[in-house]
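Peer 1: Can you keep this structure in mind? I'll have questions shortly.
The values are calculated or read from the model by the stated rules, or taken from the named source; none is laboratory data. Please read all numbers here as calculations on a predicted model, not as lab measurements. No Cβ is skipped: glycine too gets one built from the backbone with ideal geometry, and neighbour counts run over all protein chains shown.
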DNA sequence: ACGGAGATGTCATAAATATTTCATGTCCGT
DNA sequence: ACGGACATGAAATATTTATGACATCTCCGT
């Protein structure tokens, strides 16, 4: 049998789309399929988002009020740090002609809407496979996380995680020792307005622990009562009475 | 007369809410969690407040008599000096659809009410993370408190505390040497309307001491007879008032 | 369309820890 | 020595977490 088909997080997509309904649809659809999704209603918001965050790919609506997709793309191509960000356009079929111009301006491809989630997914996958930047391998104690392969190892042994647990660990490893409240985790893993029972976090933490801690190994997840959880190596013995 | 009880504020929040009960609830809840809170009953008042003061984030009710939250937000976005003020909406679940439009008008997010204080807190924290620096490590004598990691050490050794003792020490470390009466402590750790035996404080102080003071170490908690307790290094003169 | 595999979100329940209250013993200042 | 204020240990409660089992759902190959 072949090792891990690992259907984990597949990349961070920024969706820039002015029409609320479609935006929501795209967000849901992509999130459903395991992408981390950020959305912006217009080019301006998108740019300010890109100031602080670097997604793996941007999905731009072609026609937008204000800064159009084309302009946004051009702007992106001018920013030194963003030059390599893959850009995919969403266009109406009638605009297909114009898009040729878009490709000249640095886009990496386009899709005509409406388009199936499958098609979009396939396109993104292809794009990400080709252009996803090489990210540094993160380590913490015996843990190693290779963003590129979505591969995690503990003391050399591969660790299999589901998508959610992967993102959880990823967040932890980017912020070692930091305590995240359950609310924080909900916010950062599920998004701002997703309603999920707060205790569901416990379950994912348990799954993460189970996968991470082999027999006899120390628990790398620290429970901070009344506060949350953190990735931590040395647990001291309790001193309280 | 009474010196201002002061711990480091986590940020300045402007709450704009027309319903008095909810407004008060929000104000208390946020204040309790360490935010500096300003309130306004309507959009007009809010704007005039913003003429002179610049909070870190605005929390707007969606439906309000007079200037609605949406209009207020739009107005804010038009004022040069306020353009960057993060705006968060409070909406009823039934209004959720409309809010998508709100996001197009410059909001940074929304919360559906009723929503737990925890959730609100998490949301605010996420917003403020962008504009406010990470919390600093506090030290006092041999003590170190890292809010980020929920970690306390004395002379390098980790100190394990329960939730209440942690908050107690946190308060003390924000106000070194200051004497807190038991009533003060009850008010600030338990909240305004909680009935707990006043002597319970003693028990928590004892546990804090026990955890803090290893064998042979000096007691860092000073008992001020008939007055309360304070965090204090052992060398302070016993001269009392 | 059908069935299996993998993921997720929820619960109910067991386990672990914390918090409060008490009953008593100590210490302090007068 | 006395009265009031503190310190302490232990028991009774209350809260918070950890777990195992499920019911759904989505994805995929047939």
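Peer 1: Given the range B:97-194, what helices (runs of 4 or more DSSP H) lie entirely inside it while holding 3 or more residues that are at pLDDT below 90 and in contact with a strand residue (DSSP E or B) (Cβ under 8 Å, 6 or more places away or on another chain)?
Peer 2: Per the criteria, B:117-131.
Peer 1: How about the range A:203-222: which of its residues are in contact (Cβ under 8 Å) with a residue 12 or more places away in the chain and within 9 Å of DNA strand C (Cβ to nearest atom)?
Peer 2: Those that are in contact (Cβ under 8 Å) with a residue 12 or more places away in the chain and within 9 Å of DNA strand C (Cβ to nearest atom): A:204, A:207.
Peer 1: Considering only residues that are over 18 Å from residue A:121 (Cβ atoms) and within 12 Å of the chain's Cα centre (by Cα), which ones fall in the range A:48-64?
Peer 2: Answer for the range A:48-64, where residues must be over 18 Å from residue A:121 (Cβ atoms) and within 12 Å of the chain's Cα centre (by Cα): A:53, A:54.
Peer 1: Also, quick follow-up: Listed residues B:145, B:127; which is in contact (Cβ under 8 Å) with a residue 24 or more places away in the chain, away from DNA strand D (no atom under 16 Å from the Cβ) and assigned by TED's automatic domain parsing to the domain that holds residue B:110? Don't jump to the end; show me each part of the working.
Peer 2: Details: B:145 fails: assigned by TED's automatic domain parsing to the domain that holds residue B:110.
Only one candidate qualifies: B:127.
Peer 1: Any residue at all in the range B:161-171 that's in contact with a helix residue (DSSP H, G or I) (Cβ under 6 Å, 6 or more places away or on another chain), outside the structural domain of residue B:215 (by TED's automatic domain parsing), within 16 Å of DNA strand D (Cβ to nearest atom) and free of Cβ contacts under 8 Å to residues at least 24 places away in the same chain?
Peer 2: No, the range B:161-171 contains no residue that is in contact with a helix residue (DSSP H, G or I) (Cβ under 6 Å, 6 or more places away or on another chain), outside the structural domain of residue B:215 (by TED's automatic domain parsing), within 16 Å of DNA strand D (Cβ to nearest atom) and free of Cβ contacts under 8 Å to residues at least 24 places away in the same chain.
Peer 1: Same structure, new question: If I ask for residues that are more than 14 Å from chain B (Cβ to nearest Cβ), modelled with pLDDT of 80 or more and touching a helix residue (DSSP H, G or I) at 6+ places or on another chain (Cβ under 6 Å), which ones from the range A:3-28 would you list?
Peer 2: Of everything in the range A:3-28, just one residue is more than 14 Å from chain B (Cβ to nearest Cβ), modelled with pLDDT of 80 or more and touching a helix residue (DSSP H, G or I) at 6+ places or on another chain (Cβ under 6 Å), namely A:13.
Peer 1: Does the range B:138-159 hold any residues that are touching a helix residue (DSSP H, G or I) at 6+ places or on another chain (Cβ under 6 Å) and at the interface with another protein chain (Cβ under 9 Å from one of its Cβ atoms), and which are they?
Peer 2: The answer is B:159, and nothing else.
Peer 1: Something else about it: If we keep just the residues of the range B:110-124 that are at the interface with chain A (Cβ under 8 Å from one of its Cβ atoms) and crowded, with 18+ Cβ neighbours inside 10 Å, which is farthest from residue B:17 (Cα to Cα)?
Peer 2: My answer is B:122.
Peer 1: Does residue A:171 satisfy the criteria of being away from chain B (no Cβ under 11 Å), buried (at least 16 other Cβ atoms within 10 Å of the Cβ) and closer than 21 Å to residue B:135 by Cα?
Peer 2: Taking the combined requirement at face value, the residue satisfies it.
Peer 1: Looking at the range A:209-231, which of the residues that are surrounded by 19 or more Cβ atoms within 10 Å (Cβ to Cβ) and more than 10 Å from DNA strand D (Cβ to nearest atom) is nearest to the other protein chains (Cβ to nearest Cβ)?
Peer 2: A:230
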